[in-house]
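First comes the structure, then the notes that go with it.
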Amino acid sequence: MLTSTQFQDIKDLQDVCEDFEEINLKLNWEMLKKRKNDQDDFLLYKEGRLVGFLGIYGFGDSYEICGMIHPHFRRQHLFQELFQKALHSLKSRPVNTLLLNIPGSSTSGKGFISHTDAVYDFTEYEMKWNKKELVIDSVSVGIKTADEQDIETIIDLDETCFGIVRSDAESYTKRLFEESREGNLMIIHDEKVVGKIRVQRADNKSFIYGFAVFPSFQGKGIGRKALSQVVMQESKWTDDIYLDVAAANSKALNLYESSGFQTFYSQEYYQYPIN
């Protein structure tokens, strides 16, 4: 579990690294704030100053890694040291997939990847909403807060729409509900649950993710109407609304763009072989 001082040190280091390379690091701050152990975060201090950080983010049996080294302390194999510690920590856990996440334009990140056995997997676009009035139709499509009875449906949607291994989807969803039910929303059409969407608020910003509609209900405008409701509701609270989408998901990308979202950055994911 990270201390308040460590949180601030990580944030300060993130600001330095992002300014230096003009990048955006995906450190999953909401997950960092809810850590319950000390085996997922690796911090490297030099003379009382944080110069390196690596975080492990678990989603069931699948894990992601993201980290950084202060620009003045690079080319000293320090991130490799942190990475090896992370791999050692993962040895005691069941790992199905391990992804390394780097900003799309990070020269240092790609340099590190080139010295590993990781293989490119996919690119994810980060999008921000440009204020735009969206049509609200709450007659044919509704939104409700998820409850315990919706857990299995959420797992089904993650497995069906995102191809997530069911055990991973189950573990992740149950952990979300244990932490907080707030922001877990279900999409209703003709009194039937047909999809889901999750909203997370932090630092005066809203983040939309986990948006999915069962295939048999896609192409009917249900997702567009649900997204419009959520975006307009969040716009009452903030103009800074964000979401991520896989670059290969052209249907979702078109929907988001037509709803006022624009790509401002990308993250690349590389799959690291698990021995």
Report task. Mind listing the long-range amide H neighbours of Phe122? Cut-off is under 5 Å, sequence gap 5 or more, other chains count too, H placed in the peptide plane at 1.01 Å from N. Result -> Tyr269
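Which longest uninterrupted range of the chain lacks any GluC sites (Glu not before Pro) assigned by DSSP to a loop state (not H, G, I, E or B) and surrounded by at most 13 other Cβ atoms within 10 Å?
Details: sites that count: Glu22, Glu47, Glu133, Glu182, Glu191.
With a cap of 13 other Cβ atoms within 10 Å, the longest stretch comes to 48-132.
What is the gain in length, in nm to one decimal, between Arg181 and Ser114 on full extension, counting 0.36 nm per residue of separation less the C-alpha to C-alpha distance?
Working: separation 67, 0.36 × 67 = 24.12 nm, distance 4.03 nm.
My answer for the length gained is 20.1 nm.
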Query raised in the report: Could you give the distance between the Cα centres of the range 203-271 and the range 140-169, to the whole Å?
Result: 17 Å
Query raised in the report: For the range 164-275, what D do you get in µm² per second when you plug the Kirkwood radius from alpha-carbon pairs into Stokes-Einstein at 37 °C and 0.692 mPa s?
Result: 209 µm²/s
Query raised in the report: Which value in nm describes the separation of the simple spin-label points at Ala247 and Lys192, placed 7 Å from the Cα toward the beta carbon?
Result: 3.7 nm
Report summary line: With the label point 7 Å along the Cα-to-beta-carbon line of Val16 and a cut-off under 19 Å to each amide N, the hits in the range 25-41 are 25-27
Query raised in the report: For the range 3-148, what's the relative contact order in percent, using C-alpha pairs closer than 8 Å and at least 6 residues apart?
Result: 20 percent
Query raised in the report: Per residue, how much accessible area does the chain have with a 1.4 Å probe, in Å²?
Result: 52 Å²
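Whenever you get a sec, compute what percent of the accessible area on the chain sits on carbon and sulfur atoms (1.4 Å probe).
Details: 6900 of 14310 Å².
For the chain, the apolar C and S fraction of the accessible surface comes to 48 percent.
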Query - Per-residue ³J(HN,Hα) for the range 237-242, Karplus 6.51 cos²θ - 1.76 cosθ + 1.60, θ = phi - 60°, Hz, x for Gly and Pro - result: 9, 7, 8, 8, 10, 10
Report summary line: Any lysines whose Cα falls less than 16 Å from that of Lys192, other than same-chain ones fewer than 8 residues away, would be Lys144, Lys220, Lys225
Report task. For the range 30-140, state the semi-axes of the equivalent ellipsoid (square roots of 5 times the eigenvalues of the alpha-carbon gyration tensor), sorted largest first and rounded to whole angstrom. Result -> 31, 19, 16
Requested in this report: Report the extension gain between Ser266 and Glu30 in nm, rounded to one decimal, defined as 0.36 nm multiplied by the number of residues separating them, less their alpha carbon distance.
Outcome: 83.0 nm
Requested in this report: Using Cα pairs closer than 8 Å and at least 6 residues apart in sequence, work out the relative contact order for the chain, in percent.
Outcome: 24 percent
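The values are calculated or read from the model by the stated rules, or taken from the named source; none is laboratory data. Keep in mind the model is a prediction, meaning the values are calculated, not measured. Reconstructed Cβ throughout: ideal geometry from the backbone, glycine too, with neighbour counts over all protein chains shown. Just the protein is used for accessible areas: all its heavy atoms, side chains included, with ligands, DNA and RNA removed. Shrake-Rupley method; radii C 1.70, N 1.55, O 1.52, S 1.80 Å.
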